[in-house]
Amino acid sequence: MREYLLTLCVVAAVTYLLTGPVRKFAIAAGAMPAVRARDVHREPTPRLGGIAMFGGMCAGLLVASQLTNLGELFTLSDEPRALLSGAGLIWLIGVLDDKWGVDALVKLGGQMIAAGVMVLQGLTILWLPVPGVGNVALTPLQGTLLTVTVVVITINAVNFVDGLDGLASGMVLIAAAAFFMYAYRIWYGYGVEAAAPATLFAAVLMGMCLGFLPHNMHPARIFMGDSGSMLIGLVLAGGAVSITGQVDPDRLSMSTGSVRDAVHSMVPVYMPLLLPLGIIAIPVADLVMAIVRRTWNGRSPFAADRGHLHHRLLEVGHSHSRAVLIMYFWAALIAFGAVAFSVRSSSLAIVLTIVLLSAVGLVVLLMPRYTPRVPGWAQRMLPPRYRRGGQEPTEAEVAAPESAAAGERPTAREADREPAMAGLHGATAIGERRQFTREKKINTPE
């Protein structure tokens, strides 16, 4: 566990430190596309954040190869090199798309080629455990087609959900954490060495998202772009393919008692028969709905629109931050619920907890304008912009409008303390408010 945590920390630190210079490079290179009609941000924001994430991934794999226990993984298995080869190819395609733009069909072809490169180096599905049946061996052609399908679907699912600040990186971080817990349990609890590569991939993926997320939270200073979203999607798919197609349920049957019990213990990884899609059910649901919606309207499935789940949350009335947190909540509920179900599938408490949390999530989802009242003693525990939420205005705040009506000018500190405008673009609203205050100071006669 210590070596996995060390790898995670190295990936997170390198990604975090590289993001700042990459942002300056993206600005200098002109990788700041104009704001489109479907975008929710108002100001051009640099992309190419995937460069920092790929650098963190390379650093983490390099460190892991020099460790005592994880180093043996690189000599006994070709999966780390297979993942790095596919990731490098998909990352290069993403960088070209972030800078100059690449046609959707070309990107789809590149995704299939990247998946094929991983298959050629051994990262493929050899057999498929089916609940109630057992271990079903696949032919090389069937394994290749299934692996490419899983990789392409996962990449596009993550790419589709990358529409709000911090949404894709946060949801993949949650999915990777749940996947790490499951893979580590298979490797350490059952002693299955074939699950070690998937555990390493999950730790690397957690570090990539964790290091990039502080720069990508609302208001985002940089976007990961396709170079980042396709990269983390491929790493997540690679881990799922590794643990599903390489771990033999016959090894698990020694600990669980039978092949059928071993197969049932692996259900959360490939539920429902599409492997990693049970872990990232929210992005996959968004992907399927987008394809159906666009095809039904006579448009290309790759034509961008404003009909994604996060766009609908904004239209309902949720703020930018709350929409992201709601998506986090549902992603965590599904991912960790699946992991808990794999540990105790017969436990009624787990089912009741999931149902209760689902009810809470529905209440929050259907009440976008609900603002909880924070007690006074808990104000210091909140971020500064949330400390006065739901509190009664003070006497100075009540007297402020009267002073403004009398012709008095607010001080610079009072102007900075003004609450941000409600809506989708709080950061832009703050900048506009401060600019208006400066112009008011200049135009007001002494």
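The values are calculated or read from the model by the stated rules, or taken from the named source; none is laboratory data. Just so it is clear, the model here is predicted, and its values are computed rather than measured. When we count neighbours, we look across all protein chains shown, and the Cβ atoms used for this are built from the backbone with ideal geometry, even at glycine. Accessible surface is based on the protein model in full, side chains and every heavy atom, while ligands, DNA and RNA are left aside. Shrake-Rupley method; radii C 1.70, N 1.55, O 1.52, S 1.80 Å.
In segment 29-124, carbon and sulfur make up what percent of the accessible area (probe 1.4 Å)? Accessible surface attributable to carbon and sulfur in segment 29-124 totals 63 percent.
Just to confirm a number: summing +1 for Lys and Arg and -1 for Asp and Glu over residues other than M171 whose beta-carbon lies under 14 angstrom from that of M171, what do you get? Here the charged neighbours net out to -3.
Sorting K107, K24 by accessible area puts them as K24, K107; the probe is 1.4 Å, largest comes first, and only protein heavy atoms count.
With R₀ fixed at 22 Å, the C-beta to C-beta distance from L325 to M289 puts the FRET efficiency at about 0.55. Each of the peptides 141-147, 218-224 was scored by the mean count of other Cβ atoms within 10 Å over its residues; in descending order, highest first, they stand as 218-224, 141-147.
Tell me whether segment 93-132 comes out rounded, prolate or oblate; compute the Cα gyration tensor, take square roots of the eigenvalues as a ≥ b ≥ c, and use a/c under 1.5 as the rounded threshold. Here segment 93-132 falls in the prolate category.
Protein-only accessible surface at a 1.4 angstrom probe places the residues C58, C209 in the order C58, C209, largest first. Give a quick list of chymotrypsin sites (Phe, Trp or Tyr not before Pro) in segment 76-160 that DSSP marks as loop, anything other than H, G, I, E or B, with at most 14 other Cβ atoms within 10 Å. Passing sites in segment 76-160 are W100. In the full protein context, segment 130-231 carries 29 Å² of accessible surface per residue, based on a 1.4 Å probe and ignoring ligands, DNA and RNA.
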